[in-house]
Structure formats: structure tokens, C-alpha cells
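Notes follow once the structure below has been shown.
The values are calculated or read from the model by the stated rules, or taken from the named source; none is laboratory data. Everything quoted here is computed from the prediction, not taken from an experiment. In this analysis, Cβ positions are derived from the backbone assuming ideal geometry, glycine residues included, and neighbour counts consider all displayed protein chains. Accessible surface areas use protein heavy atoms only, side chains included; no ligands, DNA or RNA. Shrake-Rupley method; radii C 1.70, N 1.55, O 1.52, S 1.80 Å.
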Amino acid sequence: MFSTEILTKSDSEWAYTFPILKYILLVYHSRSFCILIDECNIEFYIASDLLNLLIVNAKTGVEHMDYPIDKIIPGIKVTAQMSPEPSDEDLEFVRALGVTHAVLWTDAKKSSYEYYASRRELFEKSDISIYGFGNLDVHNVDSITLNLPERDAKIEEYKQHIRNLGRAGIPYTTYAHMGNGIWSTEPERTPRGALGRAFDLNKAEVGHWHGREFRMPLSHGREYSEAEIWENFSYFIDQVAPVAEEANVMIGIHPDDPPVPELAGVPRCIFSSFEGYKKALEIADSPNIGMCLCVGCWLEGGELMGKDILETIRYFGERKKIFKVHFRNVDKPLPHFVETFLEDGYMDMYKVMRELQKVGFRGVAIPDHIPHLTQDGRAGMAYIIGQMQMLQKRAEEELTFS
């Protein structure tokens, strides 16, 4: 806990001194630009945004520590999810959209330091920075989530993935702790006719992940308890968090999709609610373990999540626990939803972008599960990226000049 000393200079000019932070913040007329001096580093911020964060820290008792997200350049980065082996046309297309960051996925066959470093070099030649790199073979791993025989080998594989990313200078990866994959039912039409991913709990029969199927009624032959799922997460994260810290890699944990209490005998009791995330991140107790906040999943859950999406952004964003955002909408919450374009769902996505801007989120936000618009998937991506950029610009301007 730290105290805040306020030295009054005039009605509209203050010097805020945070002894533990070693910051001196000079604010003129409270809505202008300000300078943050941290030892030898000088950075420019919008005063209103920074003051919100400092006041939150004073109220919540969040002490200063080295947060890896602070090493990321300020500002929300509207980002493209791309193939790790793009064509020249792909790279030109993304750059023409004004995108400067990418997130990539691979599998165990191409998860070496050499491969990660070669991808970073390739993308940087086109002025695109790789923010995150996922590995499908150590994501949604049932042997980790359910303590199956290969658990320790998979954890070691995951730790090596983290070390390889760190060595290659890639700061982030996404992890999910689902024991029996992502579940969907037949695609359905969005309000304007595009096909979108859907889930209807009454029709759910099978989950999928990386070429595997997990079927009702019991995907793994028995029912698991919530206590088992929590114990297995603790076992995993206790080993992984120190490696992430040493490698300077952030791990963002994705919500269960869909976030129902249980599917095929496997509880979804951790990453399917606000309280579950809160407890899990307390167990991890690491600045390198945070959230891949899938807005779509949070909206799928609705009241089951315990807090709405704006409250969730406020709480975890103020604590620097949001590392990546999946920016998507759905038509309604469970038990039956269809993923939509941003403007067609039940959430006002400008409010989401504004809240991210307000808490000073500086990670990446990507389009996710884009409804099928044309045979060329880039059309839908371009459409949503343009919308996201517009929403970000509006939020930035509103919070700067309001």
C-alpha cells in the first residue's frame, strides 16, 4: 500500500508524488498532456487516462511492481491473426489496412526457437511486429486439465514453448484450460444473412480441438469434480509461472468456450466466471499470468459470468491483467447464441472499446470468429478491422478531449 501526497499549487495545477512509484506527475489543467518521469525514462501520456489509473492504484492498494505489459508501447493495437507463413500478398494486404501487429499459431512440429525467430524476422521486414504466438499442441490439453498420463510431459513441452518465445523476443502467448475442446453446433445465419458460428446447448453433441473430438455424454469416461480441475490448474501454473517470468513472456488465459458450468462430464468452473478468473490469477500470483479476454465468450455467458464485460475490463484492466482481447459480439447469451458482426450483437461494442481505452489497455485486440462473408476470408477481416480502428479512434478522442 502506498500513500499519495498532494501539493496544491493552484486550482488547476498539481504535483502528485508517489514515493514508492518514484514518479512525479505534473498535470496542467488536468485534461492536457502530461509528462511521467520514472528515473531516466520520460514518456508522454494523456493526463486524464493516467490520473484514472493512479487514483485506482491509490484506492485499491496495488503496489508498484514490474508488469511485463508496461514494456509494451502504449495504446490499443488493432491486430490481425495471420498464418505464420504468409504470402507477400497477405503481408501487403494487412499493411494496407494500417495494421502493425500480428498474432500467429503453429503446432509442435514448428515450435522451436529457430522457427519463432525466423517468423519474427520475416514479419518485421514488412514492418509488422509479432505480439503473440500460440502452439495448438499445448493449448486446451486434456492431459493437463484432467491429470491424464501425459500431463508432466505436456507441461514440459509447454515450458519449452515459453522459453523459445522468450529467446525469440516474442512477448505473449495464449493458453486455454478446457478439458474437452471448444463446442459448437451447426452454423446459423446472422441478422443480415452471413453464416456465423453457433452453439445450442440443447443440440450439443461434440467438442473439437486440433483434430480431436470429445463426445457426449462423458468425453473421458467419467465425471470430474470441480476440485480436481482446480487442483490440476494449480499444479500446472505453479510450474509455468516462474518460467514465464524468467523468459519475459506473458501468458493470457482464454475463457472456456462456451462458458457453461459443465460439458460431457468435465466442469468448466475456472475460466467461465469473474470469480473463477480472480481466484485463478491469485493462485498464479505472477505479473506474467493474465487474461486473453474474449469479449465474445463473456457475452455468451451473460449472467453466468458474475460480472458484465465492462466491470470485468475495469477490474482486471486496472490491475494490468488483460494482455490480449478477442473483439467479437453474439446475438444473445446462453443457452443458444450465434456469433455476429460487431454491430449486430446485443452488446454495444463501442462501450467495450471505450472501457479498454479508459483503463489504459496497451495490448492487442483482434477480430475473432468472423462470420462468413465471402469465399475470401480477408473481406470479413478487413470489414471488422476497419470498424475496430474507427471505434478505437473515437474512444481515444472522446477520452482525450471530453
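Give the residue that is nearest to the chain's Cα centre (by Cα), with candidates limited to residues of the stretch 290-316 that are among the small types (Gly, Ala, Ser) and open to solvent by less than 10 Å² (accessible area, probe 1.4 Å). Write out each step before concluding.
Looking only at the stretch 290-316, we keep the residues that are among the small types (Gly, Ala, Ser), and these are 290, 296, 301-302, 306.
Those still in the list that are open to solvent by less than 10 Å² (accessible area, probe 1.4 Å) too: 290, 296, 301.
Details: Gly290: 8, Gly296: 11, Gly301: 17 Å.
Once the filter is applied, the top-ranked residue is Gly290.
Could you grab me the full set of residues in the stretch 267-289 that are free of Cβ contacts under 8 Å to residues at least 60 places away in the same chain, surrounded by 19 or more Cβ atoms within 10 Å (Cβ to Cβ) and part of a loop (DSSP other than H, G, I, E, B)?
Cys269, Ser272, Ser273
Conditions (1) touching a Cys at 6+ places or on another chain (Cβ under 9 Å); (2) of a type in the set (D, E, K, R); (3) surrounded by fewer than 16 Cβ atoms within 10 Å (Cβ to Cβ), marked per residue:
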| site | (1), (2), (3) |
| --- | --- |
| Glu92 | no, yes, yes |
| Ala96 | no, no, yes |
| Thr100 | no, no, no |
| Leu104 | no, no, no |
| Asp107 | no, yes, yes |
| Arg120 | no, yes, no |
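Out of all the residues in the stretch 164-190, which are under 20 Å from the mean Cα position of the chain (by Cα) and assigned to a helix (DSSP H, G or I)?
Across the stretch 164-190, the qualifying residues are Leu165, Gly166.
Before we move on, is Lys351 in contact with a Leu (Cβ under 8 Å, 6 or more places away or on another chain), modelled with pLDDT of 95 or more and surrounded by fewer than 17 Cβ atoms within 10 Å (Cβ to Cβ)? Working first, answer last.
Numbers: in contact with a Leu (Cβ under 8 Å, 6 or more places away or on another chain): yes; modelled with pLDDT of 95 or more: yes; surrounded by fewer than 17 Cβ atoms within 10 Å (Cβ to Cβ): yes.
Yes; evaluated as a whole, the condition is true for this residue.
Does Gly179 count as crowded, with 22+ Cβ neighbours inside 10 Å, touching a helix residue (DSSP H, G or I) at 6+ places or on another chain (Cβ under 6 Å), closer than 23 Å to Glu228 by Cα and at pLDDT 95 or above?
Details: crowded, with 22+ Cβ neighbours inside 10 Å: yes; touching a helix residue (DSSP H, G or I) at 6+ places or on another chain (Cβ under 6 Å): yes; closer than 23 Å to Glu228 by Cα: yes; at pLDDT 95 or above: yes.
Yes: the conditions hold for Gly179.
Of the conditions (1) more than 26 Å from Pro74 (Cβ to Cβ); (2) aromatic (Phe, Trp, Tyr); (3) in contact (Cβ under 8 Å) with a residue 60 or more places away in the chain; (4) open to solvent by 10 Å² or more (accessible area, probe 1.4 Å), Phe361 satisfies every one except a single condition; which number is it?
Going through (1) more than 26 Å from Pro74 (Cβ to Cβ); (2) aromatic (Phe, Trp, Tyr); (3) in contact (Cβ under 8 Å) with a residue 60 or more places away in the chain; (4) open to solvent by 10 Å² or more (accessible area, probe 1.4 Å) one by one, Phe361 breaks only (1).
Name, by its number, the condition in (1) within 20 Å of Cys297 (Cβ to Cβ); (2) open to solvent by less than 50 Å² (accessible area, probe 1.4 Å); (3) in contact with a Pro (Cβ under 9 Å, 6 or more places away or on another chain); (4) in a helix (DSSP H, G or I) that does not hold for Ala244.
So the condition that Ala244 fails would be (1).
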